[in-house]
1. Along the charge dipole of the chain, Cβ charges K/R +1 and D/E -1, which of 207, 436, 181 sits furthest on the positive end?
2. Can you pull the one-decimal nm distance between simple spin-label points at residue 4 and residue 546, each 7 Å off the Cα toward Cβ?
3. Could you check the simple spin-label distance between residue 423 and residue 250, using points 7 Å along Cα→Cβ, in nm with one decimal?
4. What FRET efficiency would be calculated for the residue pair residue 489, residue 63, taking the C-beta separation as r and a Förster radius of 41 Å, to the nearest 0.05?
5. For the chain, what mean projected area does the convex hull of the alpha carbons give, in nm²?
6. Give the residue from 125, 404, 63 lying farthest towards the positive end of the charge dipole for the chain; charges sit on Cβ (+1 for Lys and Arg, -1 for Asp and Glu) and the dipole is referred to the Cα centre.
7. Ratio to report: Rg/Rh of region 392-440, with Cα atoms as the point set and Rh obtained by the Kirkwood method; give two decimals.
8. Taking the Cβ of each residue in 265, 125, 133, 540 as the centre, tally the other Cβ atoms inside 10 Å and list the residues starting with the fewest.
Amino acid sequence: MKVSETFIPTLREVPGDAIIVSHRLMLRAAMIRKLSNGLFAYLPLGLRSFRKVENIIREEMDAIGSLEIKPTVVIPGELWKESGRWEAMGEALLRVKNRLDSDFVVSPTAEEAFTAIVRDELSSYRQLPLSLYQINTKYRDEVRPRYGVMRGREFVMKDAYSYHTNDESLDETYQKMGRAYRRIFKRCGLTVIPVRADSGAMGGTGSEEFMVESEIGDNTLLLCAGNSVASSAGNSVASSAGNSVASSACGYAANVEKAACKPDYTVPASIEAAKAAAVSIPALEKIDTPHVKTIEELCGFLKTDAKKFIKTLIYKAVNVELDLSKAPGCAKLVQRKLAPDAPLVYPEAFFAVTIRGDLDVNEVKLAAILKAAEVMLAADTDVERITGAPVGFAGPVGLTSVPVIADETVTAMSDAVAGALAKDLHYTHVAYGRDFSPWLVTDVRTVVAGDRCPVCGEALYEKKGNELGHIFKLGYKYTKSMRVSYLDENGKSHTPTMGCYGIGLDRTLASAIEEHHDEQGIIWPITIAPFHVIIVPIKYDGAVKTAADSIAAELGKKGIEVLLDDRNERPGVKFNDADLIGIPYRVVVGDKNLAGDTPRVEIKRRAEKENRLVELTKAAEELTELVHRELAELNR
């Protein structure tokens, strides 16, 4: 293809609202243009690369037996009401009405649509397992869309959903999807970090995210200190081939939302053991702490460190599925259903969460434990109502108005300081088991760099990352609420279990740019480059034109994708544009090198600094070999 026949309006200046590398380069290299905040159009170059990512994903999904379908983007609101997410999804869900006043959703995710399709066709166990996928447009009404296509309002995702008769079958597909994802990202030239993750609003049990390192990542990753992830963001990559999955000495990597660590304390065998251990601890004592509310203030006031304090926070949880019928202070709570066949939930419930004073509560872990749609710190008025004291004096001793949840660190505290549920008062010599017994003991600790790996004990370290893909074992969350069933070999009705597997195409494309670029522009992995070769005639005329056309024609016959820069521009402009748009191989054709007995052209690999001269008659053959070798390396 000739540059004059396509549309590549490159930019010399960096747009002011483009902060990250991929956003800047996608705009400058004429890959995308902004239509509105969070809404981007792909131009010809960008769409060519986008389609290549799409085709790689499609090939790997087809290879594991997943079947592609094409649901609509606009989904009946009734399906979302069936699942219970019409209300639970919040303002990110774009709800619309048609002329008949019927509710619809502009799809942000497709569990409801796929499950409705399967429900209407499924009758027998012989039809399972079933794996279906789509590559389709989605919309989420982000409060703050940013970073170009990395976090837009409209985007494209590959969603796959699988349906099974048992957990063993689900796990088999889950593992197949994980392997397919690793191949997809390798073929796109990406180094990914698979991490343990929280299932979030999707629900379910097992969950794994595929992350790429990013300075502006939305996620914090905790990795074992032996991790071999190369810090490649912001640098060019000499070779786009190689392993695409980072690994560590023990294999531990987790999103901070899910991360655990090796205990730096000793947990008593039972609450009775904790009581026995507290025999030698002085009796509970109430002390005056005027105007002292925070842990930092207490440390100064009592001249001790934060590890001696039990921090107590009051949380409000929304749409709680966990059974609270026997929990303290919850007798008057009333359950309701968000949809006819959805689980019963408590619309609102409060909890006191205790943790060692030097640590922070992980709210995602807490929400998962409570099976809540959301948790948040309670308002000051609710704290005062629940504790009978101003904010800053909450504590677990004598607190019966709400369930007390203790982080595991608290069980090892036998001579601690805690709020006394009264203004300007704290308790000293607080002992777990003797002075209070929580309703629930669990892990709600936020793991940080320096904590010890739960697998091998080495120090953990942090990286920022962006999620490209996520696989879930959803279980029965949607198939039960939407009344999906099949008959087994004995004619008995059962509900299938379900898996969910997503990849963001726009993010994958942008992440390839984040990982593969230099100061001049993009350095595309050859599998997703818009073209394999760019031919730059110094002046597209005479012998130069003849030679350039000849190379382009010969490469085209061999299946090599060629962009020929036939513009009447200065060579420097053409070279700058070639580097900016990042096509893997550049061929420069000029009168000087064509002169003489052996006409030559200059070949340069975008990822390398040096160029070399190749005989004109051999150029197409050599380029074909180079391109095929790189493609084979990434695609193997």
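We did not get these values from a lab; they are worked out from the coordinates using the rules stated. Predicted model only: the values in this text are computed from it and were never measured. Note that we place each Cβ from the backbone using ideal geometry, even for glycine, and neighbour counts take in every protein chain shown.
1. 181
2. With each label placed 7 Å out from Cα toward Cβ, I get 1.9 nm.
3. Using points 7 Å along Cα→Cβ, the separation is 4.9 nm.
4. 0.85
5. With the hull built on Cα positions only, its mean projection is 34.8 nm².
6. It is 63, whose Cα lies furthest towards the positive end.
7. Using only Cα positions, Rg/Rh for region 392-440 is 0.93.
8. 265, 125, 540, 133
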